[in-house]
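Engineer: Shown below is the structure under consideration.
Computed from the coordinates by the stated procedures, all read-outs in this text should not be read as laboratory data. None of these values were measured; they are calculated from a predicted model. FYI the Cβ positions are ideal-geometry reconstructions off the backbone, even for glycines, and counts take in every protein chain you see.
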Amino acid sequence: MCSPCNSCPFQETQYFGTHEEVISPSCPESFVAGVTKLKSDATRGKYKVVVWNSGDYFNGDISDPYIYDLQGDSVRCYEVHSSSLPMIGDADKIKVTLNCESVMCSLRYDFEFSCFETGVLLSDEVDGGGVQVLSDIDDTIVCPSPQCTSKIDCSTGDGSFAGFIAGKDNRLDHKEIYPGVGEIMLGLARGPIAGLEDDPKFHPAKPILLSARPREAQAMLAMDQSSVLNLYLENVGDRLNMTYGANVDQSKYGTLFDGSSFTEMGETKAKSYAEIGKRLPQTRFLFMGDNGQGDVCAAQAMLESDQGDRLAAVLIHQTEEMSQMLQECEDGSRDFTIDLNEGDFEGRVHYHKTHSNAALWLLEKGLISCCSANHVYQAVDEFITCRCDGGDCGTHGLPTGISVKATRSDTLNYCSAMKADQELLKVKTDECPVDCPRLDASKGFDDEISSQLGPNYWIVVGLPIVLSLICCCACFRRIKKKRYGEGSIESIEGSPINSSSIGGIAKRIEIDGREGV
């Protein structure tokens, strides 16, 4: 039910094709904006309500910003009940838009905004704060499972080359998500005392993804709100009654100029870290990558940079033998040799083959809590029961996307490694000082979401074009380097803010695609 907005302080008249838009004030670093009150009605006409990111980073020119609430085209009155508030975003600003869907709309509204603390500042560490996770995707979160091992073998025109570029690990099925990885990310965001008696209950910061996918092809390949990876991370939060997901609007991409060079992909990720670190100068980070491509190059460059001391740790998923890793890397105008071993940089570097092992290391380092480690154990145990032993896969199947008993030797060997690491993790999680909540098994991936693990339309249609551009740009980059040298390429939870005192909040009226005042 929605009661009339008779006491709402704001009234506006809009016409078909125009909208009223209110953007929250900007929150300080490590805080995200949220809506704490939303009430509106129309004394004339019908309208649509959208609560979404303000578009500071993505601007909506390729894909719409992340939407937190959307009410259809025939609204006459809309109010968010207090039980569904606050509506917390993942950026420093959030906006509410009322789109007029009639010839004329007489709108009344009352919005309130607030800022919510994520606890990822360097100064928050003493209070049990977490970290801002920066993560690679393929071989780190998702298993690419390529069917070929070299560029020549993969150049068959059947899509194999895309799998090879994505990653190297074939221990799981194509696009299957590694068990426990989402729970690790959430645990890192929540900090080392999450779920315990002194839990500061910060709002968990969503991970920023550092993908090798070319940003020039974002319209086809970008991560968005409906991507399987974001839906998976949202499900990780849902199973613990928390708001979570991927920070898709602030995630970073590679470039066509990286070509198919893993070293150049690593260089681009290191540059992305420098950009993010400059924008968030007081934030503590953790990088998650793998050793199958250029992530070790990126990790070493990050740690050696002037912002390296803000990296709490580097987690490297070991998807191939150490002797087969890349040895030569690039970082701007310099080339360097890989020299990043277990325990380097004051013990901040860890290589792991399973996420049970990673959780144990993070627990012992004081980067996740005992309950967060227990949640990793639970997630991996579900996987082992279903995929490894052929047991119960739950009503909705596994959140990792595949819910049938494994038969391939690579996967069965992975099962054996997980079982061994689970025993070690269980010894520690059995010592948790509180009864940790169980993951809600009733909130799993449904058939519709799991089906998205298949080929993506845009990838099938657009990938040949993208790969052609990659080849052209790679050749151009190498020619430029050869001719001019490497240096020639530019390598609080605060007090409510109510709508009656908004002051300088930006308002825009958009008519037929043109902005006016």
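Engineer: Show me the ranking of peptides 369-380, 85-96 by mean Cβ neighbours inside 10 Å, starting with the highest.
Structural biologist: Peptide ranking by packing, descending: 369-380, 85-96.
Engineer: Quick one: which of 290-303, 127-140 comes out on top by average Cβ neighbours within 10 Å, and what's the full order, highest first?
Structural biologist: Those peptides, ordered most packed to least, come out 290-303, 127-140.
Engineer: Moving on to the next point. Starting from the Cα of S82, step 7 Å along the direction of its Cβ; do the same at D389; then give the gap between the two resulting points in nm.
Structural biologist: Here the answer is 4.7 nm between the modelled labels.
Engineer: Take peptides 3-10, 315-322, 387-394 and line them up by average Cβ neighbours within 10 Å, highest first, as a rough protection proxy.
Structural biologist: Those peptides, ordered most packed to least, come out 315-322, 387-394, 3-10.
Engineer: For the stretch 321-371, count the residues as N, evaluate 2.2 N^0.38 Å, and divide the Cα radius of gyration by that value, please.
Structural biologist: 1.46
Engineer: Would you mind computing Rg(Cα) / (2.2 N^0.38 Å) for the stretch 71-131, counting N as its residues?
Structural biologist: For the stretch 71-131, the normalised Cα radius of gyration comes out at 1.66.
Engineer: Listed here are the pairs K206/K365; K93/K168; K39/K278; K206/K353; which of them are more than 27 Å apart at the Cα?
Structural biologist: Violating the 27 Å Cα-Cα cut-off are K93/K168; K39/K278.
Engineer: Once you have a ≥ b ≥ c as the square roots of the Cα gyration tensor eigenvalues for the stretch 283-368, tell me rounded if a/c is under 1.5, and otherwise prolate or oblate according to whether a/b is larger than b/c.
Structural biologist: It comes out oblate by the Cα gyration axes.
Engineer: Express in nm, to one decimal, how much length is gained between Y15 and K428 on full extension, taking 0.36 nm for each residue of separation and deducting their alpha carbon distance.
Structural biologist: In short, 142.5 nm is gained.
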